[in-house]
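Single-structure report; data block below.
The values are calculated or read from the model by the stated rules, or taken from the named source; none is laboratory data. Source: prediction; values computed, not measured. We place every Cβ from the backbone using ideal geometry, glycine too, and count neighbours over all the protein chains shown.
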Amino acid sequence: MEQKRNPYLRDYEEQLRQRREAARRRARRRKILRRRRRAAALLLGLCMVSLACFFVIRDSVKASAAREAGSGSAFPLDDPASWDRSSLVQGLPPQIYNRHPQWTEDFLTPNEYSRPGDALEQVTSIFVHYTANPGTSAAQNRSYFEQQKDTHERSVSAHFIIGYEGEILQCVPLDEIAYAVMTRNQDSVSIECCYLEDDGSFTQETYDSLISLLAWLTDAYDLDTEDILRHYDCGGKKCPLYYTDHPDAWEALKEDVAQYREGL
Ligand SMILES: [Zn+2]
């Protein structure tokens, strides 16, 4: 026979059961909420990392594209027409000019005999000379050019003089003509080389500086090594003497320039 239970006890048990059930439901909800929060935080973290990666990659792609174009600034090499001419250095974009080998800038005083100040609009050849005066230094030869403003002896100069110790003096800016090759002053750059030997051969120091200067000049003006000429090649004057007497050494010199350029 079924024993009759105390109704109060039954109500109490029922309430207890309901409370436990409610507590379990609350715990389940909290657990779900915690999981959702963790998932949201993880998603947010992933988004931020992806976004950061995107910006880093985009910036590095932009930077490398700019490097390929040669500037990324105001001087895109493929569009010279857009250059701000007033910001050029001696007629060249700064990013090209700044790569020149070390030299001492010591411009001649403007004068009609050695630095006429006429614009050098284009450069299609680089001429190599020798001073025809063994044992004289770069400074002495520069001084000879400078004196022309007073002596009016000759119209003579060059953009650069390389001394027999390898020092390079710049006498005329690259956006002005020099008086070095009668018929080609308007579209060429000239380099005078000092020397010690009677055969006109250069010291190793002069030679090394000449190679680095020729490499930079041909690169800066987008020229080929065949655009490097002896004074002799334009007018027949035996200048530079050693390289008119030794055409094979001249070919080797151009080969050395080509090799040096590969390392630029
Ligand atoms: Zn010459």
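Yes or no: Y260 surrounded by 16 or more Cβ atoms within 10 Å (Cβ to Cβ) and within 29 Å of the chain's Cα centre (by Cα)? Here the answer is yes, as Y260 does meet what is asked.
When the stretch 116-141 is filtered for residues that are within 29 Å of the chain's Cα centre (by Cα) and either under 23 Å from K238 (Cα atoms) or not charged (D, E, K, R) (or both), the ones remaining, listed by number, are G117, A119, L120, Q122, V123, T124, S125, I126, F127, V128, H129, A138. Among the conditions (1) assigned to a loop (DSSP other than H, G, I, E, B); (2) at negative phi, the only one that I96 does not satisfy is (1). Per the listing A180, A138, the residue uniquely crowded, with 19+ Cβ neighbours inside 10 Å and in contact with a Gly (Cβ under 7 Å, 6 or more places away or on another chain) is A138.
G236 passes every criterion in (1) without any contact (Cβ under 8 Å) to a residue 12 or more places away in the chain; (2) away from the ligand (no atom under 16 Å from the Cβ) apart from (2). Give the number of residues within the stretch 76-98 that are farther than 24 Å from R142 by Cβ and touching a residue at least 40 places away in the same chain (Cβ under 8 Å). Total satisfying the criteria: 2.
Residues that are closer than 17 Å to P240 by Cβ and of a type in the set (S, T, Y) within the stretch 145-161 comprise just one, S157. Scan the stretch 155-177 residue by residue and report those that are buried (at least 19 other Cβ atoms within 10 Å of the Cβ) and either more than 27 Å from the chain's Cα centre (by Cα) or not assigned by TED's automatic domain parsing to the domain that holds I211 (or both). Within the stretch 155-177, S157, Y164 qualify. Comparison of Y243, Y195 shows that the only residue that is assigned to a helix (DSSP H, G or I) and over 25 Å from Q95 (Cβ atoms) is Y243.
Restrict the check to the stretch 188-201 and report whether at least one residue is surrounded by fewer than 19 Cβ atoms within 10 Å (Cβ to Cβ) and more than 17 Å from A132 (Cα to Cα). Taking every residue of the stretch 188-201 in turn, none turns out to be surrounded by fewer than 19 Cβ atoms within 10 Å (Cβ to Cβ) and more than 17 Å from A132 (Cα to Cα). Name every residue in the stretch 113-147 that is within 16 Å of the ligand (Cβ to nearest atom) and in a loop (DSSP other than H, G, I, E, B), in order of residue number. Matches in the stretch 113-147: S114, T131, A132, N133, P134, T136.
All of D245, D187 fail the test of being free of Cβ contacts under 8 Å to residues at least 60 places away in the same chain and more than 13 Å from the ligand (Cβ to nearest atom), apart from D245. Taking the criterion of being farther than 17 Å from N111 by Cβ and assigned to a loop (DSSP other than H, G, I, E, B), the residues of the stretch 148-183 that qualify are G163, Y164, E165, G166, E167, L174, D175, V181, M182, T183.
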